[in-house]
Structure formats: C-alpha cells, structure tokens
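All remarks here apply to the structure that follows.
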Amino acid sequence: MQLIDGKKIAQERQDAVTKAVQKLATPPHLVVVLVGEDSASVVYTRNKHATCEKVGMKSTLLKLPATISEDDLLSKIHDLNQERDVHGILIQLPLPKHISADRIMDAIDPHKDVDGFHPENVGLLHLGQPRFVPCTPKGVMTLLDSIDYDCAGKNAVVIGRSNIVGKPMAELLLQRNATVTICHSKTKDITTITRTADILVAAAGKPHLVTADWVKPGACVIDVGIHRMPDGKLTGDVDFDSVSKIAGWITPVPGGVGPMTIATLLENTLQAAEGAI
Ligand code: NAD
C-alpha cells in the first residue's frame, strides 16, 4: 500500500504558486466572504486567508452578519465584481437559510468565480472546456497525477453526488477516460458496485462508511470526507485502518485531500489574476 501524501503535494503546489506570484506586477487578490459565524466556516476562511498571504497574494476576509439580507449580499457581490483590483471572489458555504446560495453563486462574475460554482463554469466543465474547476475534485486529480495514475479504461466509483464534490469529480474522471459510476444515498447494494472500483472516491460525508469489504484489493482509494470526532480527532469517510490493508493507494485524513483543496484555490486565484492582468 502506498500512502498519497496530500500535505507534501499541496506544499509543492503552494511553492509553485509562490514563484508564479513573484513574477506578477500586481499580486492576485482573493476576497473571501463569510456570512455569519458558523464555527467550521470561520476556521476554513481563516485558513484560506492565511495561506493566501503566505504565498504573497492579497487576501481580504469580508465578514458579514448572519442577518444580512439577500439583496444586500447581492449588492456587495456586484461591488466586488466591479472592483478591478479583485481577481477572485469566494463565498463560504453554507449560507444562512434565508439566502439562496444559487442566486448568490449566479451573481458572481464567472471570471472571478475561483470556486467554479457559477452555472457558466459548471457548464463549461461539463462541456469539456473547463475554466475554473471546483477545488476539491481538481485537487483529487492532482493527487492522482502525483502517482502517475492512468485513469483510462479504469472503473471509477464516486460515492456522493453533490454539486461541489461528487458531480464534478465524476466529470473529471470521465474526461480522463475512466468508466464512471456515481453512487449516492439511494443506491442499492452499493458494495457490489464499489468493489468493482479501480479508483474509489468517498465523498458521502459519513465517517468510516467505507470499510475493507467495500474495496477491491489494490484499488486507489481517495477519501474526501472530513469529520471532527467527539475526541477532537479528524477522520474521513474511509475506515483507514481496515482499508489501508488492502488498498493499492490511499489518502489519509487529515493530510490527504484537505490540503489539496486550499492549494487548488490558490492555483485558481492565480489563474483568475493571470487572466485579468
Ligand atoms: P453533501 O452532504 O452535499 O453530499 C453527500 C452525498 O453523499 C450526497 O449526494 C448523498 O446522496 C451521498 N450519501 C450520503 N450518505 C450516503 C451513503 N450512506 N451511501 C452512499 N452515498 C451517500 O456533502 P459534500 O459537500 O459533497 O461533502 C462530502 C464530504 O466531503 C463531507 O464529509 C465534507 O465535509 C467533505 N468535504 C471535504 C472537503 C475537503 O477539502 N477535504 C471539501 C468539501 C467537502
């Protein structure tokens, strides 16, 4: 079994971004919008902000109250769209219930949509003409590339069908000529399907859902899940102890997909700035 070290690969990508930023006349500027004080979102936005600064980017963390109206938030986004100095806009999800995330995503200038959630960017990805690709699945592809994994002709199974992970993940694997199956909460006899997977991506949001009996020996297992357990430790959707005994490759949690998501956000922000300058 080979461990895929996301922390190390993310650091390498971060170093490459740092070098590219140094060559630009104007540093890329990312604005992260945090609405409310959801505790996980506070931590995520703080990490994104700090990592941007570490690579020499300009980062603004715009904190807005949970009570902000949808119209006021839309007007903030319109302002950010107009600001020439702002290259990337990221709205931290989830948003408070009275605000439509779809309407907000739709309002972001698609050329500043570094998360790749705007319908135009979603459409381009699914047409095979990607502009901004959602950070987590793009980061997973970087991990597969880091082990020179050739997806062509392989069976890939993605567990989860969300717009931010499962669906774009399946699309990216399809574009690499894998034969892709998406499983979800209504899938029947799921282990029969997952056991056919040469590449198994777990993004169900259920701690330790994937145990060794779900996995084909030698498979490449990518764990997207991230959960804080009652003892404070982080864990994934994959039962690492049992699955690592039969997998060919596996990503740990923490230190697998998580760091890649932030590294990819930096890459997308750099791409936005290079397109704008
Ligand atoms: P989500 O809740 O939007 O989607 C979960 C999907 O899993 C759904 O499509 C659902 O049908 C499916 N599912 C749920 N239970 C299932 C089951 N028992 N069997 C099969 N399918 C099942 O979640 P999401 O936003 O896609 O995130 C998934 C996980 O990935 C979460 O743990 C989240 O915290 C994590 N995540 C990690 C990163 C990262 O950077 N590592 C980024 C985004 C999300």
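Can you spot a residue in the range 209-223 that is more than 16 Å from the ligand (Cβ to nearest atom) and either modelled with pLDDT under 95 or not in a loop (DSSP other than H, G, I, E, B) (or both)?
Within the range 209-223, one or more residues are more than 16 Å from the ligand (Cβ to nearest atom) and either modelled with pLDDT under 95 or not in a loop (DSSP other than H, G, I, E, B) (or both).
Suppose we filter 237, 223 for residues that are touching a His at 6+ places or on another chain (Cβ under 8 Å), charged (D, E, K, R), closer than 22 Å to residue 163 by Cβ and assigned by TED's automatic domain parsing to the domain that holds residue 144; which single one remains?
237
Filter the range 29-68 down to the residues that are part of a loop (DSSP other than H, G, I, E, B) and under 20 Å from the mean Cα position of the chain (by Cα), then identify the one that is farthest from residue 267 (Cα to Cα).
38
Quick check on residue 179: is it surrounded by 24 or more Cβ atoms within 10 Å (Cβ to Cβ) and not assigned by TED's automatic domain parsing to the domain that holds residue 80?
No.
Do we have residue 11 as closer than 30 Å to residue 249 by Cβ, at pLDDT 95 or above and in contact with a Pro (Cβ under 9 Å, 6 or more places away or on another chain) here?
For residue 11, the condition - closer than 30 Å to residue 249 by Cβ, at pLDDT 95 or above and in contact with a Pro (Cβ under 9 Å, 6 or more places away or on another chain) - is met.
Failed condition for residue 108, given (1) surrounded by fewer than 23 Cβ atoms within 10 Å (Cβ to Cβ); (2) away from the ligand (no atom under 16 Å from the Cβ), with all others met?
Result: residue 108 fails condition (1) only.
Can you run down the residue pairs with Cβ atoms below 8 Å, 6 or more apart or on separate chains, where the first is in the range 211-229 and within 15 Å of residue 169 (Cα to Cα) and the partner is hydroxyl-bearing (Ser, Thr, Tyr)?
Note: pairs meeting the criteria are 220/149; 221/251; 222/251; 223/251; 224/136; 225/235.
Looking only at the range 137-187, filter to residues that are closer than 24 Å to residue 255 by Cβ and free of Cβ contacts under 8 Å to residues at least 12 places away in the same chain; which one of those is farthest from the ligand (Cβ to nearest atom)?
Of everything passing the filter in the range 137-187, 148 is farthest from the ligand (Cβ to nearest atom).
Filtering the range 188-210 down to residues that are without any contact (Cβ under 8 Å) to a residue 24 or more places away in the chain and basic (Lys, Arg), which residue is surrounded by the most Cβ atoms within 10 Å (Cβ to Cβ)?
Going through the qualifying residues, I end up with 195.
Where in the range 89-176 are there helices (runs of 4 or more DSSP H), lying wholly inside it, with at least 3 residues that are of a type in the set (D, E, K, R)?
It comes to 101-107.
Answer yes if at least one residue in the range 42-63 is surrounded by 21 or more Cβ atoms within 10 Å (Cβ to Cβ) and without any contact (Cβ under 8 Å) to a residue 60 or more places away in the chain, and no otherwise.
Yes: the range 42-63 contains one or more residues that are surrounded by 21 or more Cβ atoms within 10 Å (Cβ to Cβ) and without any contact (Cβ under 8 Å) to a residue 60 or more places away in the chain.
Do the conditions hold for residue 253, that is, is it at negative phi, assigned to a strand (DSSP E or B) and at pLDDT 95 or above?
So residue 253 fails the test.
So, in the range 224-248, how many residues would count as being within 15 Å of the ligand (Cβ to nearest atom), of a type outside the set (A, V, I, L, M, F, W, C) and surrounded by fewer than 18 Cβ atoms within 10 Å (Cβ to Cβ)?
Of the residues in the range 224-248, 3 are within 15 Å of the ligand (Cβ to nearest atom), of a type outside the set (A, V, I, L, M, F, W, C) and surrounded by fewer than 18 Cβ atoms within 10 Å (Cβ to Cβ).
Among the numbered criteria (1) in a helix (DSSP H, G or I); (2) touching a strand residue (DSSP E or B) at 6+ places or on another chain (Cβ under 7 Å); (3) more than 15 Å from residue 155 (Cβ to Cβ), which single criterion is violated by residue 193?
With respect to (1) in a helix (DSSP H, G or I); (2) touching a strand residue (DSSP E or B) at 6+ places or on another chain (Cβ under 7 Å); (3) more than 15 Å from residue 155 (Cβ to Cβ), residue 193 is out only on (3).
Can you confirm whether the range 254-273 contains a residue that is free of Cβ contacts under 8 Å to residues at least 60 places away in the same chain, within 14 Å of the ligand (Cβ to nearest atom) and hydrophobic (A, V, I, L, M, F, W, C)?
No, every residue in the range 254-273 fails to be free of Cβ contacts under 8 Å to residues at least 60 places away in the same chain, within 14 Å of the ligand (Cβ to nearest atom) and hydrophobic (A, V, I, L, M, F, W, C).
Check 163, 121 and return the single one that is within 18 Å of the chain's Cα centre (by Cα), within 30 Å of residue 274 (Cα to Cα) and surrounded by fewer than 18 Cβ atoms within 10 Å (Cβ to Cβ).
It is 163.
The values are calculated or read from the model by the stated rules, or taken from the named source; none is laboratory data. Predicted, not measured: the structure shown is a model, and the values here were computed from it. Neighbour counts are summed over all protein chains in view; Cβ atoms, including those assigned to glycine, are modelled from backbone coordinates with ideal geometry.
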